[in-house]
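Enquirer: Let me give you the structure first, and then I'll get to my questions.
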Amino acid sequence: MTIEAQPAYFAAVVDTSNDAIVSKALDGTITSWNASATRIFGYDRDEIVGLNIRTLIPPELQREEDEILRRLRAGEYIEHYETVRLTKDGRRIDVSLSISPITDDTGRVIGAAKIARDITTRREAEEQLLAATVKFESVFNQSGIFAGILDLEGTLREINDLAVDWCGYTRDEVLDQPFWATRWWRGSEVVQDRLREATLKAAQGDVFRERLRYWIADGSERLVDFALHPIRDDSGAVRFLYPTGIDITDRVRAEEALLALEAEEREIALGLQRALLPAKLVVPEGVSVSARYEAGSTALEVGGDWYDVFALPDGRVAFTVGDVVGHGLAAAAAMGQLRTALAALAPYAERPGDALTRLDDFVGSTDATDFATVCYGALDPATGAFEYASAGHPPILLVPPTGAPRWLAGAQSPPLWGGNLGDRPTAMTVLEPGSLLVLYSDGLIERRGELIEDSLGRLMAVGASLSDLSPFDVCQSLLTTFGIDGIRDDDIAVLAVRFEPDAKGGFYLTFPAEPQELSGLRQSMRSWLEGRDVPGETRDAVLLAVGEACSNSIEHAYHSRPPGEVTVRIDEQLDDFFAVTVRDYGRFLPVSDSPEDRGRGTTLMKALTSDFARTSTGEGTTVRFRLPIRVNEHA
Amino acid sequence: VTDTGLSVELEYLQERTLVRLNGDIDLSNINDLQQRLELTADGSLNVVLDLTGVSYLDSQGLRLIKRLHERAELRGSVFATVAPAAPSRGRRSNSRTWTST
């Protein structure tokens, strides 16, 4: 195998080496010759390759070659053998030879690679090194840094007082050794390997800088911010290497202690956060929910966000998502207070906006926090009526079963700050069956330096893709899309709500409050009832009682054109009753008919049903009743 | 026949008019029906309203029947309804019920 047979990069290294690198066969025939060989010996590659190596050997030293060949055949290396050689123009030059045997695949020696260094060149380098050493003398011994000088082989030639005295070593213990093998690095072979590599690279001109472990005389381990710079002569060639280091052990330990403290606080805050969030979300039939909380990725980004789901006394289910300003333990504690306060206040507030008004009073009367945003919605699972209000919180995303997603952007009021702003508004919409609501904290969508419109736009853009997912998968998908993409500043709360009133086979219909819709309603109810084992008289009672309730809504709820909607929901209950809810979203006003007529419809309904109840608020009228499915068993 | 599928057939017999209704009576057609029946009643001595073919009749319909009774009473004429016994709870009968004033 010859040098030429080596890969191209090897050839490139050979060509750019400062040393003459020559290979020869065992009979002494020269087989390769690099650029430095031409520079040192004067022969061009073309004229010397094929000649015998003895051409370069002075007549009186020819016997050396016999000895060299003998040792090579025995597989021995010859290192730093100083001798004299002839140049093309007949000059004798001092060289240092290193000769290695070249073997073939079977290990048989087939030639030799010879590296010849002009010792004159090295001497010049050593002189320069000496000069440079003097130049660095002041830096060496008058500063707080460790400093030394390496030759290009990586041997430590000089070291400053600090590097030995402070570490408890003596100059003799470390000088004239390969730098990576000195006692500072004795505790780690990995560090030694890194330094050997760094020395090689620095000799080629690369700067190395890394935080390294090192060891002092008493055996203790410390940290050094270490650098290795190549130092060049006027021609730009690297002449020696300049290692420096600053002990950073105390600084790093202080930093680590601080980080550990922060991590500990984060753990506590996260634990508190989890403890303060609901463990289980209980929802009525026809509603499914899923929620997720993710802490921020940086140390203290935990604590301020919450989600909650709870039942209201009137059968509705309430959803809240909020965000207390700040992070860490204080924010987590404030979050817990606000979440609990809202759940406690909600049953006594007629509408979500009123609940937020009261919550703001609570914020003003405590010192839990002085700034929070919150979004609160209440869903009637019987009818899909959804009331909501927002105090400075980003809008709820509504994804209907068909059609484009949209924001529920009504009923916005300023964030909570205890400012007693007066009544906060409430907005209302009716959800189609299959609708999805997404409540979230701004950590889900906000990115530093981005306009809120752009953030919301990204959420809207994925909205349509969520329409067929379960609430659990919606949360998962949103966190994957937005939440887990590297460093997050903020924590995230996401709550997904699916309204699916017919999931259990119940009857559900929303229709415009117009008289001509009634026959369609009856037709729908008849075909739904046909699918069940229901006696004819129960069927008629259902049709009649529901029809009466709907007629009332059509006649009395809406007073402008076009009218609003009426929702009918019927569920079969375990105890063999139909539970019926009829809801409109208008304002009950008796029209010109005598009260007696309305009374008759109600009398009829009461006669046919049990547990009859009617409630009218500013947001509409709800009629609920139950009907026994089997008359004989319940009569 | 109205758009909700209620048909009204009139049969003029001696001394009385037979009105036969088929279909559902609800808020959507009650006003039309009321006008029609009042017109018919006004032009007839006695009216018999046959509800056998009525598949749905709510309080609006009851109100109308009551009202027709009251008008007939005022005029001294007869208003009668004929219907199969409603399959409502608690009361059952196989006979037809005649109501007259």
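Enquirer: Quick test for you: out of A:Val309, A:Val321, pick the one residue that is aliphatic (A, V, I, L, M) and surrounded by fewer than 24 Cβ atoms within 10 Å (Cβ to Cβ).
Expert: Going through A:Val309, A:Val321 in turn, the sole match is A:Val309.
Enquirer: So which residues in segment A:411-466 are touching a residue at least 24 places away in the same chain (Cβ under 8 Å) and charged (D, E, K, R)?
Expert: Correct list: A:Asp423, A:Arg424, A:Glu432, A:Asp442, A:Glu446, A:Arg448, A:Arg458.
Enquirer: Further question: Among (1) under 55 Å from the mean Cα position of the chain (by Cα); (2) closer than 22 Å to A:Arg600 by Cβ; (3) not hydroxyl-bearing (Ser, Thr, Tyr), there is one condition A:Asp540 misses while meeting the rest; what is its number?
Expert: Of everything listed in (1) under 55 Å from the mean Cα position of the chain (by Cα); (2) closer than 22 Å to A:Arg600 by Cβ; (3) not hydroxyl-bearing (Ser, Thr, Tyr), A:Asp540 misses just condition (1).
Enquirer: If you don't mind, another one. Taking A:Arg232 as the residue in question, decide whether it is closer than 30 Å to A:Asn160 by Cα and buried (at least 17 other Cβ atoms within 10 Å of the Cβ).
Expert: For A:Arg232, the condition - closer than 30 Å to A:Asn160 by Cα and buried (at least 17 other Cβ atoms within 10 Å of the Cβ) - is not met.
Each row is one residue, and each column tells you yes or no for (1) of a type in the set (A, V, I, L, M); (2) in a helix (DSSP H, G or I); (3) crowded, with 17+ Cβ neighbours inside 10 Å.
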{"position": "A:Asn420", "(1), (2), (3)": "no, no, no"}
{"position": "A:Leu439", "(1), (2), (3)": "yes, no, yes"}
{"position": "A:Phe482", "(1), (2), (3)": "no, yes, yes"}
{"position": "A:Val494", "(1), (2), (3)": "yes, no, yes"}
{"position": "A:Pro501", "(1), (2), (3)": "no, no, yes"}
{"position": "A:Thr510", "(1), (2), (3)": "no, no, yes"}
{"position": "A:Gly520", "(1), (2), (3)": "no, yes, no"}
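Enquirer: Ok, one more. For segment A:523-551, what are the residues that are among the aliphatic types (A, V, I, L, M) and either loosely packed, with under 15 Cβ neighbours inside 10 Å or away from every other protein chain (no Cβ under 13 Å) (or both)?
Expert: A:Leu529
Enquirer: Also: Would you tally the residues in segment A:344-354 being more than 15 Å from A:Gln412 (Cβ to Cβ) and part of a helix (DSSP H, G or I)?
Expert: Of the residues in segment A:344-354, 6 are more than 15 Å from A:Gln412 (Cβ to Cβ) and part of a helix (DSSP H, G or I).
Enquirer: Quick one: in segment A:267-323, which of the residues that are modelled with pLDDT of 90 or more and hydroxyl-bearing (Ser, Thr, Tyr) is nearest to A:Ala343 (Cα to Cα)?
Expert: A:Thr320
Enquirer: Does A:Ile554 qualify as being under 56 Å from the mean Cα position of the chain (by Cα), facing chain B (nearest Cβ under 9 Å) and touching a residue at least 40 places away in the same chain (Cβ under 8 Å)?
Expert: Spelling it out, A:Ile554 is indeed under 56 Å from the mean Cα position of the chain (by Cα), facing chain B (nearest Cβ under 9 Å) and touching a residue at least 40 places away in the same chain (Cβ under 8 Å).
The values are calculated or read from the model by the stated rules, or taken from the named source; none is laboratory data. Because the structure is predicted, anything quoted here is derived from the model rather than measured. No Cβ is skipped: glycine too gets one built from the backbone with ideal geometry, and neighbour counts run over all protein chains shown.
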